[in-house]
Amino acid sequence: MKKIRIAVAGYGNLGKAVITNLANFTDFELIGVFSRRNIDVGFPIYAYEDAQSLTNKIDAVIMCGGSALDLPQQSPYMAQYFNIVDSFDTHAKIPQHFENVQKAAKKANTLAAISVGWDPGIFSLQRLLFNAVLPNGTGCTFWGKGVSQGHSDAIRKIKGVKRAVQYTVPNEAAVQKFKSGKMSGISAQDLHLRECFVVAKENAEKSDIEHAIVTMPNYFAGYTTKVHFISETEFYHTHAQLPHGGGVIHTGSTSLHARHLLEFSAKYDSNPEFTASVLLAYARAVVRLSAKGKTGCVTVFDIPYSYISKLDNESMIKLL
């Protein structure tokens, strides 16, 4: 069977996790990595400027940059030359990101799947399903406790920050209140606390860093946010792992006497490794849909489950 030829754009935690996960996705072949750095890692490294010369050698590119600054520019750029999959996760800006990538992909006749991960991504599918089957209801999503790659990356972009990690922590009292049907007054901000651990660069003004964090729109503004400044030694000793998780809850009724609770929950030892697995599965779907002539920009809502699976249709019906 012909293997799916992929490249990875970005060699941070997520890019490395995609490459690690290829051991579990045996129908894929790594062609190389696009990086802004000159790195020696044992496989081909390409500059982004080389993209046009590689269009016939790569079936899809998995975009592994950060949502704050990288993907808004890199995804439309790479969609000019390749089918792509990205994990853009700034929820409020997804419509604009979709529009920008759509414009590039439609013009180039490529296919781009954006905001593919666990949230947005898998959790988005659960919200859609629960809302469809229980329309007389209310849903909420909670995250954590775990490390948010997007929020951590956003902090690291702040001037004066050397290292940083952000934990999203659910407010268990608010979650239980929602499950019991007492939804009034509960907002997304009420469901979570954001806790940040920061290593500041030498001579950096910590008060300026803290202000930049707690006022950052789409990430921290409006949330209860705690910022802790720690040493680099403590950072590596205590915050080297990248766990995460969360869940989708939907409550509602079908009559005066029948109330229902729908839940989907997940827990990950490694946020980037799980996200990488989702990206690879959807890269499979993008290549298949592209072969059928599909172009433009799509999300997980547009892709049938059968396209992300390695199983054939007969096996899916028999086993699943």
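Across segment 30-39, coupling constants 3J(HN,Hα) worked out from phi with the 6.51/-1.76/1.60 Karplus curve, θ = phi - 60°, read 7, 8, x, 10, 8, 8, 7, 9, 8, 10 Hz, and Gly and Pro carry x. According to the Cα-based calculation, Rg over Rh for segment 122-269 is 1.07, with Rh computed by the Kirkwood formula. The sum of -39500 (n - 2.57) across all DSSP H runs of n ≥ 4, divided by the residue count of the chain, sets its helix-only mean residue ellipticity at 222 nm to -10000 deg cm²/dmol. The lysine pair count for segment 206-320, using Cα distances under 20 Å and pairs eight or more places apart or on different chains, is 4.
Working note: Karplus 6.51/-1.76/1.60 with θ = phi - 60° gives segment 164-171 the couplings 6, 9, 10, 9, 8, 10, x, 8 Hz, where Gly and Pro are set to x.
Averaging the inverse of every distinct alpha carbon separation and then flipping it gives the Kirkwood radius. What is it for the chain, in angstrom units? Answer for the chain: a Kirkwood hydrodynamic radius of 20.9 Å.
Evaluating kT/(6 pi eta Rh) at 25 °C and 0.890 mPa s, with the Kirkwood radius of segment 184-266 over Cα pairs in the Stokes-Einstein relation, gives 151 µm² s⁻¹. For Val298, the residues whose amide H sits under 5 Å from its own are Ala112, Ala113, Ile114, ignoring neighbours fewer than 5 places away on the same chain, with H placed 1.01 Å from N. Across segment 1-102, the relative contact order, built from alpha-carbon pairs under 8 Å that are at least six residues apart, equals 27 percent.
Bear in mind that the values in this text are calculations on the coordinates, not laboratory data. The structure presented is a predicted model; accordingly, all values stated were derived computationally and were not measured.
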